[in-house]
Amino acid sequence: MEYPVTPEVRALLTRVSDFLTTLDVDAYLVGGLVRDTLLGQTTSDIDIAVSGDALESASRFATATDGNYVLLDEDNRVGRVVLAQWQIDFASFAGTIEEDLARRDFTVNAMAVSLPDLLSNPGKVT
């Protein structure tokens, strides 16, 4: 499936992906941005599911990018990084991404794209 991403979003996602790779964290783009991009719409809200501690990842990413870190949900390990025109929510998942998606409601929140796959194979992401 083709998954078009604007150059601006691609640059931001590349920065997020490269940073999370240094932390040895698997990362997936989930939710609204997946839907909105497929529909040709724009959004400034980006949701990333990570295999590690999302609060640590978000806090460290905020520091590295001079963004602002916001704790959203300590129990469920959800943190937000606010940059100039973007909000990036980091959420932890346990097990596999498929298991995480199965726990979500059966809507747009149950869609995910591997961040490295999206960036390395933009025309052939499934």
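The values are calculated or read from the model by the stated rules, or taken from the named source; none is laboratory data. Keep in mind that this is a model prediction, so the values were computed, not measured. Because the Cβ atoms are built from the backbone with ideal geometry, glycine has one as well, and the counts that use them run over all protein chains shown. To get the accessible areas, we keep the full protein, side chains included, count just its heavy atoms, and leave off ligands, DNA and RNA. Shrake-Rupley method; radii C 1.70, N 1.55, O 1.52, S 1.80 Å.
ASP89 accessible area, nearest 10 Å², 1.4 Å probe?
20
In nm, to one decimal, how far is the modelled label at THR63 from the one at GLU99, with both set 7 Å along Cα→Cβ?
It is 2.9 nm.
Treating the Cα atoms of region 11-72 as identical point scatterers in vacuum, please give the log10 of the normalised Debye intensity I(q)/I(0) at q = 0.14, 0.22, 0.24 Å⁻¹, two decimals.
Normalising to I(0) and taking log10 leaves -0.41, -0.97, -1.11.
Using 0.36 nm times the number of residues separating THR6 and THR22, minus their current alpha carbon distance, what extension gain do you get?
Extending this stretch completely gives an extra 3.3 nm.
Note down the net charge around THR43, summing +1 for each Lys or Arg and -1 for each Asp or Glu among other residues with Cβ under 13 Å from its Cβ.
Around THR43, the surrounding residues sum to -4.
Please give the length that would be gained between GLN41 and THR14 if that part of the chain were fully extended, namely 0.36 nm times their separation in residues minus their C-alpha to C-alpha distance (nm, one decimal).
7.7 nm
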